[in-house]
Amino acid sequence: MTLAHIGRIDLLPRLYKTAVISPEVYSEVAVSGAGLAGSGEIANAPWIEVKAISRPGDLDAARSRFNLGLGELSLIVLSKEIRAALALVNDKQARKLV
């Protein structure tokens with residue numbers, strides 16, 4: 001996470017009441033990334049809601065169409081599914097799809 005690398009993950013709850021992430025993003029950041037910048041903050045953040053995609057087939061379809069990581073794809077699919085007003089993505093290619 002870019003904000004974690006610069007020590008400013010604290011900006012997110014100041015700007016947004018709640019952040020919604022997919023289980024894939026949570027796993028990538030808080031589990032696989034344990035010990036890295038931001039992992040502890042994300043793992044323990046009460047302002048983060050982990051929400052699964054309701055139609056996993058949409059994620060499978062996106063994986064076959066786009067060359068992106070599972071975290072990025074799941075975030076894009078979830079943000080469209082919940083009609084999010086904003087999606088924060090640090091991957092340049094993924095930002096083009098949001």
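Only the coordinates and a few stated rules stand behind these numbers; no lab work does. Everything numeric here is computed off the predicted structure, so don't read it as measured data. Positions of Cβ are backbone-derived with ideal geometry, glycine not excepted, and every protein chain shown enters the neighbour counts.
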Fluctuation leader among Ile21, Ile42, Ile76 - the chain, Gaussian network, Cα springs under 10 angstrom: Ile42
Folded to 0 to 90 degrees: helix 56-65 orientation relative to the chain principal axis, Cα: 80 degrees
Size of electric dipole in the chain: Cβ of Lys, Arg +1 and of Asp, Glu -1, about Cα centre, debye, nearest 20: 360 debye
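Note the full-extension length gain between Leu86 and His5 as 0.36 nm times their separation in residues minus their Cα-Cα distance, in nm to one decimal. Present the calculation step by step, with values, prior to reporting the outcome.
Working: separation 81, 0.36 × 81 = 29.16 nm, distance 2.12 nm.
In short, 27.0 nm is gained.
Relative contact order for the chain: what is it in percent, counting Cα pairs under 8 Å that are at least 6 residues apart?
Value for the chain: 27 percent.
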Efficiency of FRET between Asp60 and Ala37 - r from beta-carbon atoms, R0 30 angstrom, step 0.05: 0.45
Computed [θ] at 222 nm, deg cm²/dmol, the chain (DSSP H ≥ 4; -39,500 (n - 2.57); rounded to nearest 500): -10500 deg cm²/dmol
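Which value does Rg/Rh take for the chain over its C-alpha atoms, Rh per Kirkwood? Write out the running numbers ahead of the final one.
Numbers: Rg = 13.0 Å, Rh = 13.8 Å.
In the chain, Rg relative to Rh is 0.94.
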Placed amide H near Val50: partners under 5 Å, 5+ positions off or other chain: Ile21
Selection of trypsin sites (Lys or Arg not before Pro), the range 1-49, meeting DSSP coil and at most 13 other Cβ within 10 Å: Arg8, Lys17
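Within the chain, which chymotrypsin sites (Phe, Trp or Tyr not before Pro) sit in a loop by DSSP and count at most 12 neighbouring Cβ atoms inside 10 Å?
Working: sites: Tyr16, Tyr26, Trp47, Phe66; in loops: Tyr16, Trp47, Phe66.
Here the chymotrypsin sites (Phe, Trp or Tyr not before Pro) that fit, given the DSSP loop and packing criteria, are Trp47.
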Taking only Cα atoms of the range 25-81, radius of gyration then Dmax in Å: 12.4, 34
